[in-house]
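Engineer: Structure in structure tokens, see below.
The values are calculated or read from the model by the stated rules, or taken from the named source; none is laboratory data. No experiment lies behind these values; they were computed from the predicted model shown. Virtual Cβ from ideal backbone geometry, glycine too; neighbours counted across all protein chains shown.
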Amino acid sequence: MKTSLMRRLLLFTAFFCAVGAQVYAQITVSGTVSDATGPLPGANIVVKGTTNGTQSDFDGNYTLDGVPEDAVLVFSYIGYREQEIDVSGETTLNVTLEEDTQALDEVVVVGYGTQRRSDLTGAVSTVSSESLQEAPVTNPEQALAGRAAGVNVSTNSGRPGGNTNVRIRGNNSINASNGPLYVVDGVIGAGPINYLNPNDIESMEVLKDASATAIYGARGANGVIIITTKRGSKEGGRVSYDTFLSIGELSKRLDVLNAQEFLQVEMNAYNNASIYDPDEWANGIYVNPMEYRENRRLFDAEGNPLYDTDWQKEAMRTAITQNHNLSFTGGNDDTSYGIFLNYADQEGIVKQSYLKRYSGRFVIDSQVKEWMKVSGGITFNHIEENRVDGSVGGLTPLRMIVETLPIIPVKYEDGSWGGNGDYPNMEGGENPVNLLENRKDIFKTQSVLGDVSATIDLAEGLELKTSLGMNIQNIQESFYSGKDLRQLSADYNGEAWVENTRTNYWQFENYLTYTKEFNEDHRLTALAGLGWQQYDFFRSRAGSRGFNDDFYMWNNLEAGSNPLTPTSLNEKWAMNSYFARVNYSLMNKYLFTVTGRLDGSSKFGADKKRAFFPSAAFAWKVSEEDFLRDSHGLSTLKLRTSYGETGNSEIGVYQSLANMAANTAILGGDRASGTGIGSLANPDLKWEKTAQFDAGVEFGFFDNRIRLETDFYYKKTTDMLLDAPIPTSSGYSSIYTNVGSMENKGFEISLNTTNIDTEDFTWTTSFNLSVNKNEILALGEADDDIFPNPWFLSNTNILRVGESVGSFYGLKRLGTWGADEASEAASYGALPGDIKHADTNGDGQINDADRVIIGNGFAEGFGALFNTFRYKNFDLTLDLQFMYGNDILNLSKHSGEDRTGQANSYATVLNGWTPDNQNTMIAANRPVRAGYTSTVDSRMVEDGSFIRGRNLILGYNFPSEVLDKLRLGNLRVYASLQNFFIITDYSGYDPEVTTYGDAFAQGITFFDYPKPRTYTIGLNVSF
């Protein structure tokens, strides 16, 4: 009986345990969380009704242990609709979340990681691939223009590829770089990025304040631009083809003298010679120009000109550009890949100028183990371009478009080239068409950008990432100037040279990231790592002169009879860094970030190589508080502030050391070489530091249909790196040292609105405005003025305590001396009709002591306005750009207005002084021999403010029923118009300009390459 009872009890217990095991069986569930475009990092996965949960990693993958087989998993992500999925015993659940347009909150890339935008404590702007591709350009910096507040992208040339100048929140340095740090797929310092294909870019993040940039420490003072390129697909194979064809034309013509006007000015000058050079007039030096008109190559029997050449028409053309992108992406949950190909052929509107690019990129991401992911990518670019706007200041094609006489033909009937040397008393110089065909400056750039990384899950929430990156560039510049080009290379029968430059950069970084959530109210992300960077540079140059023929150009330098002295240069620097960051969120309301980086660089003094760059930030999501949570009008309110220090190490190498210099001399008829100390050492040379305070407010109204973000900032740079002048009695002219300070302060506003949002029609607006004020606070013990380049006629630029960088320096032109001012003019050695300058110091003389600040090339404010309209399948975008408070120093007026007796001129010289036209800024016409005044003065300064119609684009997306019939995933056609209007008082081609590469030369121009008006049609297709 007892045995039977025991058996029953055991059977009952076993049954109960089996049922219990079945009821409470737990499994491990894994999978991928994604959206329509790809993986979603940071998505939350929670077992419903419990606190058991996890987050997806950078690639959207997740693993969750201890999940009951009959549980419900809740998948959520800010900005997306929450989804609940029954587990039903499944161990793999892949989920695609749909965007919630009422609460969109994208993930942004920050240094060494990602964050939800709502969790940011720093000032970060994001530009998506869709925005970048709205402008059909070959340079991604140009596509960035106007897209982010605080980022001033000046496209300073219409040359293919452009000449861009990027500044984030002003200028911070004098001798070190003022450009931002570029990080491409984790490779630091990958700029300039003009070689990248804009179509390959997935997003750009612009880090502006110290909280965001301090993770890059010594190289983050000028802001950081993080570029993430496109990756492969986990949803099967996809082929995409994007192409556009554009036509460019000259958008504005300069008003120059035609043939009759030139001859009129020449006669005026001859008649005035007796006034302004009476002695030589009496000696019969001056010849009546009518005698020159006996030249039957140029004039008919009546003395009328045979030619009236429009050199802007002859030297320019309608330019055609084509661009093709082909990509193949594919893969599965474990491995994805992408192949991206590009071919671009861009003609310039100036004849012979062009840019061609061939690029290929391969990327792969593979989950090789559950605990390890490996990623890699390599990009190759080959770019070839002919730059026709080099040799600024010389007789370049762009200068000769203005200065070549209109009475001269491109070619005479016998096929010989026409030029200014064919007419008496002219300065000379060949016509621009001749220069464009017989003077070449070819750049060939090959670059390889690569990265490989492994991410290892060490424990729950803890991962190690190790990465290796490289950036290799080879640049070959091949130059030839023909043997018959007068005043350029005819005197030495042609010149050719080849310069080769090679740069190698590599980096190796390792960092740990720990992510943990505590009791739903606490979220912690901590990062710590270290890295090494090394850069080396080598340049060599060889050339020759004295060619019998132009055939070889640079391809056979030994054909020249006069070899030029070869040169070479080798440089190298290295850095070692340690970095850390902690992000902490309390109740998803109070956000804290602390960052620090310790950098060591070989560029600085023996005891000054290392420096620490800290930052801290706090943000408060006020709208998450109970008293605002249910507000109907206010959707988002966030306050944030940050303070920190970043550095600038972008100076030449070996500046802390005494450098050797090699020289040669002729001794006893032979060339002898010698070596000596070329510069002084400064073992105390240290880092330049920029401290920045930032305060920002983010608003969202009416379910975030109106979003407003404002930032106020103050930056102060100390220990500025400066090549400071020293007494020449030392045997040297300057020494690199830390001296002086500078500040930038300003504000930024970004406004995004959804004005209309219906099923068939939407209208959105985006507006941004940036205002910056720069001031030099100190320049050393004596605060002496410094005169940076460029130098043209005299110093064009001045750095002065209390003033802004980029200040133009020159005389103040009051006008011209009138007939009733003859006696006063005589006291200054002038006559009525001469230029009248202000005697600012009242010493009775006009000289350099009277020079004052006459303008500034940097804008007080700039911004952009975008309006996008969508009606059913049509979309229309209008992009307007504006800038104000900037001046242009138009140095072309030196030879275009002041020297009427040497070359052709601007038509403004028709307003030259005469007894009947005395209220003018233009001196009386005269021959060069009679003397003229030409110096940097306020006449050359013009208001550079403008409003530009940058882009107007109309597109059509084919509906799904058409795509299904064609078996396509996407089909879009569009047409656009770029640079379609500009409102400005500037007399030149375009007020967004500089022809110089110096740090503070923005707005200084000497015959620039004009920007085209461009008409584009394009196609996007995928399947």
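Engineer: One residue is enough: does region 405-415 have a residue meeting the conditions among the basic types (Lys, Arg) and within 30 Å of MET290 (Cβ to Cβ)?
Structural biologist: Going residue by residue through region 405-415, those that are among the basic types (Lys, Arg) are 411.
Right, trim to within 30 Å of MET290 (Cβ to Cβ) and you get 411.
Yes, the conditions are met somewhere in region 405-415.
Engineer: Given the criteria under 16 Å from ASN886 (Cα atoms) and either surrounded by fewer than 20 Cβ atoms within 10 Å (Cβ to Cβ) or of a type in the set (Ser, Thr, Tyr) (or both), does THR933 qualify?
Structural biologist: Numbers: under 16 Å from ASN886 (Cα atoms): no; either surrounded by fewer than 20 Cβ atoms within 10 Å (Cβ to Cβ) or of a type in the set (Ser, Thr, Tyr) (or both): yes.
Against the criterion (under 16 Å from ASN886 (Cα atoms) and either surrounded by fewer than 20 Cβ atoms within 10 Å (Cβ to Cβ) or of a type in the set (Ser, Thr, Tyr) (or both)), THR933 does not qualify.
Engineer: Residues in region 868-875: is at least one over 24 Å from the mean Cα position of the chain (by Cα), hydrophobic (A, V, I, L, M, F, W, C), surrounded by fewer than 24 Cβ atoms within 10 Å (Cβ to Cβ) and closer than 23 Å to ALA259 by Cα?
Structural biologist: Going through region 868-875, the residues over 24 Å from the mean Cα position of the chain (by Cα) turn out to be 868-875.
Then drop every residue that is not hydrophobic (A, V, I, L, M, F, W, C), which leaves 869, 874.
Adding the requirement that they be surrounded by fewer than 24 Cβ atoms within 10 Å (Cβ to Cβ) leaves 869, 874.
Subset that is closer than 23 Å to ALA259 by Cα: none.
Checking region 868-875: not a single residue is over 24 Å from the mean Cα position of the chain (by Cα), hydrophobic (A, V, I, L, M, F, W, C), surrounded by fewer than 24 Cβ atoms within 10 Å (Cβ to Cβ) and closer than 23 Å to ALA259 by Cα.
Engineer: Separate question: Take the residues in region 587-620 that are basic (Lys, Arg) and in contact with a Gly (Cβ under 9 Å, 6 or more places away or on another chain); name whichever of them is surrounded by the fewest Cβ atoms within 10 Å (Cβ to Cβ). Even if it seems obvious, please write down each step before you answer.
Structural biologist: To start, the set of residues in region 587-620 that are basic (Lys, Arg) comprises 589, 597, 603, 608-610.
Checking which are in contact with a Gly (Cβ under 9 Å, 6 or more places away or on another chain) leaves us with 597, 603, 609-610.
Numbers: ARG597: 29, LYS603: 23, LYS609: 18, ARG610: 16.
Among those that are basic (Lys, Arg) and in contact with a Gly (Cβ under 9 Å, 6 or more places away or on another chain), it is ARG610.
Engineer: Tell me which residues, restricted to region 23-40, are more than 40 Å from the chain's Cα centre (by Cα) and surrounded by fewer than 22 Cβ atoms within 10 Å (Cβ to Cβ).
Structural biologist: Residues satisfying the conditions are VAL23, TYR24, ALA25, GLN26, ILE27, THR28, SER30.
Engineer: Moving on. Quick check: anything in region 516-525 in contact with a Ser or Thr (Cβ under 7 Å, 6 or more places away or on another chain), within 30 Å of ASN52 (Cα to Cα) and surrounded by 18 or more Cβ atoms within 10 Å (Cβ to Cβ)?
Structural biologist: The answer is yes; a qualifying residue exists.
Engineer: Of these, THR445, THR455, which one is among the β-branched types (Val, Ile, Thr), more than 30 Å from SER895 (Cβ to Cβ) and out of contact with any Phe, Trp or Tyr (no Cβ under 7 Å at 6 or more places or on another chain)? Steps first, answer last, please.
Structural biologist: Numbers: THR445 fails: out of contact with any Phe, Trp or Tyr (no Cβ under 7 Å at 6 or more places or on another chain).
The unique qualifying residue is THR455.
Engineer: Go through region 313-333 and give me each residue that's crowded, with 17+ Cβ neighbours inside 10 Å, of a type in the set (S, T, N, Q) and under 21 Å from LEU436 (Cβ atoms). Spell out the reasoning first.
Structural biologist: Our first condition is that a residue be crowded, with 17+ Cβ neighbours inside 10 Å; within region 313-333, this holds for 314-317, 319, 321, 323, 325, 327, 329-331, 333.
From the residues that got through so far, the ones that are of a type in the set (S, T, N, Q) too are 321, 323, 325, 327, 329.
Once the filter is applied, which keeps residues that are crowded, with 17+ Cβ neighbours inside 10 Å, of a type in the set (S, T, N, Q) and under 21 Å from LEU436 (Cβ atoms), region 313-333 yields only THR321.
Engineer: Tell me yes or no: at least one residue of region 510-533 is closer than 22 Å to GLY161 by Cα, of a type outside the set (A, V, I, L, M, F, W, C), within 34 Å of the chain's Cα centre (by Cα) and assigned to a strand (DSSP E or B). Walk me through it before giving the result.
Structural biologist: First, pick out the residues of region 510-533 that are closer than 22 Å to GLY161 by Cα: none.
Within region 510-533 (the criterion being closer than 22 Å to GLY161 by Cα, of a type outside the set (A, V, I, L, M, F, W, C), within 34 Å of the chain's Cα centre (by Cα) and assigned to a strand (DSSP E or B)), the answer is no, since none of the residues qualifies.
Engineer: Evaluate the following for GLY220: is it within 23 Å of PHE747 (Cα to Cα), crowded, with 24+ Cβ neighbours inside 10 Å and in contact with a strand residue (DSSP E or B) (Cβ under 8 Å, 6 or more places away or on another chain)? Steps first, please.
Structural biologist: Numbers: within 23 Å of PHE747 (Cα to Cα): yes; crowded, with 24+ Cβ neighbours inside 10 Å: yes; in contact with a strand residue (DSSP E or B) (Cβ under 8 Å, 6 or more places away or on another chain): yes.
Considered against the rule, which asks whether it is within 23 Å of PHE747 (Cα to Cα), crowded, with 24+ Cβ neighbours inside 10 Å and in contact with a strand residue (DSSP E or B) (Cβ under 8 Å, 6 or more places away or on another chain), GLY220 comes out as yes.
Engineer: Quick check on region 787-812: of everything there that is closer than 25 Å to ILE922 by Cα and at pLDDT 95 or above, which residue is surrounded by the fewest Cβ atoms within 10 Å (Cβ to Cβ)?
Structural biologist: Per the criteria, the residue is LYS812.
Engineer: Can you report the number of residues in region 122-154 which are assigned to a loop (DSSP other than H, G, I, E, B), closer than 25 Å to GLY944 by Cβ and modelled with pLDDT of 85 or more? Even if it seems obvious, please write down each step before you answer.
Structural biologist: Taking region 122-154 and keeping what is assigned to a loop (DSSP other than H, G, I, E, B), we get 122-123, 133-139, 145-150.
Of the ones still in play, those that are also closer than 25 Å to GLY944 by Cβ are 135, 137, 139, 145-150.
Those left that are additionally modelled with pLDDT of 85 or more: 139, 145-150.
Looking only at that region, the number is 7.
Engineer: Filter region 621-657 down to residues that are among the hydrophobic types (A, V, I, L, M, F, W, C) and in contact with a Gly (Cβ under 8 Å, 6 or more places away or on another chain) and give me whichever is surrounded by the most Cβ atoms within 10 Å (Cβ to Cβ). Outline the logic, then answer.
Structural biologist: Step one: of region 621-657, the residues among the hydrophobic types (A, V, I, L, M, F, W, C) are 622, 627-628, 634, 637, 639, 651, 653, 657.
Filter again for in contact with a Gly (Cβ under 8 Å, 6 or more places away or on another chain), leaving 634, 637, 639.
Values: LEU634: 14, LEU637: 18, LEU639: 13.
Residue satisfying both the conditions and the ranking: LEU637.
Engineer: Go over the candidates SER173, SER157, SER203, SER177 one by one and state the one that is in contact (Cβ under 8 Å) with a residue 60 or more places away in the chain, under 18 Å from LYS773 (Cα atoms) and not in a helix (DSSP H, G or I).
Structural biologist: Working: SER157 fails: under 18 Å from LYS773 (Cα atoms); SER203 fails: under 18 Å from LYS773 (Cα atoms); SER177 fails: under 18 Å from LYS773 (Cα atoms).
Every option except SER173 fails the conditions.
Engineer: Given the structure, is SER478 surrounded by fewer than 20 Cβ atoms within 10 Å (Cβ to Cβ), closer than 30 Å to THR396 by Cβ, of a type in the set (Ser, Thr, Tyr) and within 35 Å of the chain's Cα centre (by Cα)?
Structural biologist: Details: surrounded by fewer than 20 Cβ atoms within 10 Å (Cβ to Cβ): yes; closer than 30 Å to THR396 by Cβ: yes; of a type in the set (Ser, Thr, Tyr): yes; within 35 Å of the chain's Cα centre (by Cα): yes.
Yes: the conditions hold for SER478.
Engineer: Listed residues THR155, THR92, THR114; which is under 28 Å from LEU512 (Cβ atoms) and of a type in the set (S, T, N, Q)?
Structural biologist: Details: THR155 fails: under 28 Å from LEU512 (Cβ atoms); THR92 fails: under 28 Å from LEU512 (Cβ atoms).
Going through THR155, THR92, THR114 in turn, the sole match is THR114.
Engineer: Can you pull out every residue in region 67-121 that is part of a strand (DSSP E or B), at pLDDT 85 or above and of a type in the set (Val, Ile, Thr)? Quick ask: steps written out before the conclusion?
Structural biologist: Kept after step one, since they are part of a strand (DSSP E or B), are these residues of region 67-121: 67-68, 72-76, 80, 83-86, 92, 95-96, 99, 107-110, 113-116.
Checking the rest, the ones that are also at pLDDT 85 or above come to 67-68, 72-75, 83-86, 92, 95-96, 108-110, 113-116.
Within region 67-121, VAL67, VAL72, VAL74, ILE85, THR92, VAL95, THR96, VAL108, VAL109, VAL110, THR114 meet the criteria.
Engineer: Quick one: in region 41-85, of everything that is exposed (fewer than 15 other Cβ atoms within 10 Å of the Cβ) and out of contact with any strand residue (DSSP E or B) (no Cβ under 6 Å at 6 or more places or on another chain), which residue is farthest from PHE518 (Cα to Cα)?
Structural biologist: ASP70
Engineer: Looking at region 127-147, which of the residues that are within 18 Å of ASN178 (Cα to Cα) and of a type in the set (A, V, I, L, M, F, W, C) is surrounded by the most Cβ atoms within 10 Å (Cβ to Cβ)? I'd like the intermediate steps shown before the answer.
Structural biologist: Narrowing region 127-147 to residues within 18 Å of ASN178 (Cα to Cα): 141-142, 144-145.
This time we only want the ones that are of a type in the set (A, V, I, L, M, F, W, C), so: 144-145.
Numbers: LEU144: 26, ALA145: 24.
This residue is LEU144.
Residues checked against (1) within 30 Å of ALA148 (Cβ to Cβ); (2) surrounded by 18 or more Cβ atoms within 10 Å (Cβ to Cβ); (3) touching a His at 6+ places or on another chain (Cβ under 9 Å):
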| residue | (1), (2), (3) |
| --- | --- |
| ASN772 | yes, yes, no |
| LEU777 | yes, no, no |
| LEU814 | no, no, yes |
| ALA838 | no, no, no |
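Engineer: Hey, another quick one. Go through region 909-930 residue by residue and tally those that are within 20 Å of PHE792 (Cβ to Cβ) and surrounded by fewer than 18 Cβ atoms within 10 Å (Cβ to Cβ).
Structural biologist: Number satisfying all stated conditions: 1.
Engineer: Further question on the same structure: Which of (1) within 30 Å of TYR112 (Cα to Cα); (2) part of a loop (DSSP other than H, G, I, E, B); (3) aliphatic (A, V, I, L, M) does MET470 not meet, given it meets every other one?
Structural biologist: (2)
Engineer: Still on this structure, please answer the following. Consider only pairs whose beta carbons are under 7 Å apart and that are at least six residues apart or on different chains; among these, list those whose first residue lies in region 516-527 and is touching a residue at least 40 places away in the same chain (Cβ under 8 Å) and whose second residue is basic (Lys, Arg).
Structural biologist: Listed by first residue and then by second, the contacts come to GLU517/ARG523; LEU524/LYS516; LEU527/ARG581.
Engineer: Now for a different question. So for region 200-209 (the condition being in contact with a strand residue (DSSP E or B) (Cβ under 8 Å, 6 or more places away or on another chain), hydroxyl-bearing (Ser, Thr, Tyr) and over 21 Å from LEU144 (Cα atoms)), does at least one residue qualify? First the steps, then the outcome.
Structural biologist: As a first pass, look at region 200-209 and keep what is in contact with a strand residue (DSSP E or B) (Cβ under 8 Å, 6 or more places away or on another chain): 200-209.
Still in the running and hydroxyl-bearing (Ser, Thr, Tyr): 203.
Add one more test, that the residue is over 21 Å from LEU144 (Cα atoms), and what stays is none.
Checked region 200-209: no residue is in contact with a strand residue (DSSP E or B) (Cβ under 8 Å, 6 or more places away or on another chain), hydroxyl-bearing (Ser, Thr, Tyr) and over 21 Å from LEU144 (Cα atoms).
Engineer: Looking only at region 226-281, how many residues end up being farther than 30 Å from GLU202 by Cβ and either of a type outside the set (Phe, Trp, Tyr) or in contact with a strand residue (DSSP E or B) (Cβ under 9 Å, 6 or more places away or on another chain) (or both)? Let's see the steps before the verdict.
Structural biologist: Pass one, region 226-281, residues farther than 30 Å from GLU202 by Cβ: 249-281.
Within this subset, residues satisfying the condition of being either of a type outside the set (Phe, Trp, Tyr) or in contact with a strand residue (DSSP E or B) (Cβ under 9 Å, 6 or more places away or on another chain) (or both) are 249-269, 271-275, 277-280.
Matching residues across region 226-281 total 30.
Engineer: Scanning region 957-979 for residues that are in contact (Cβ under 8 Å) with a residue 40 or more places away in the chain and among the charged types (D, E, K, R), which turns out surrounded by the most Cβ atoms within 10 Å (Cβ to Cβ)?
Structural biologist: ARG972
Engineer: Here is a check on your reading of the model: is LYS351 without any contact (Cβ under 8 Å) to a residue 12 or more places away in the chain, over 27 Å from ALA190 (Cα atoms) and either of a type in the set (Lys, Arg) or in contact with a Ser or Thr (Cβ under 7 Å, 6 or more places away or on another chain) (or both)?
Structural biologist: Values: without any contact (Cβ under 8 Å) to a residue 12 or more places away in the chain: no; over 27 Å from ALA190 (Cα atoms): yes; either of a type in the set (Lys, Arg) or in contact with a Ser or Thr (Cβ under 7 Å, 6 or more places away or on another chain) (or both): yes.
The answer is no for LYS351.
Engineer: Of all residues in region 673-703, which are more than 22 Å from GLY220 (Cα to Cα), under 31 Å from the mean Cα position of the chain (by Cα) and surrounded by fewer than 19 Cβ atoms within 10 Å (Cβ to Cβ)?
Structural biologist: The answer is VAL697, PHE699.
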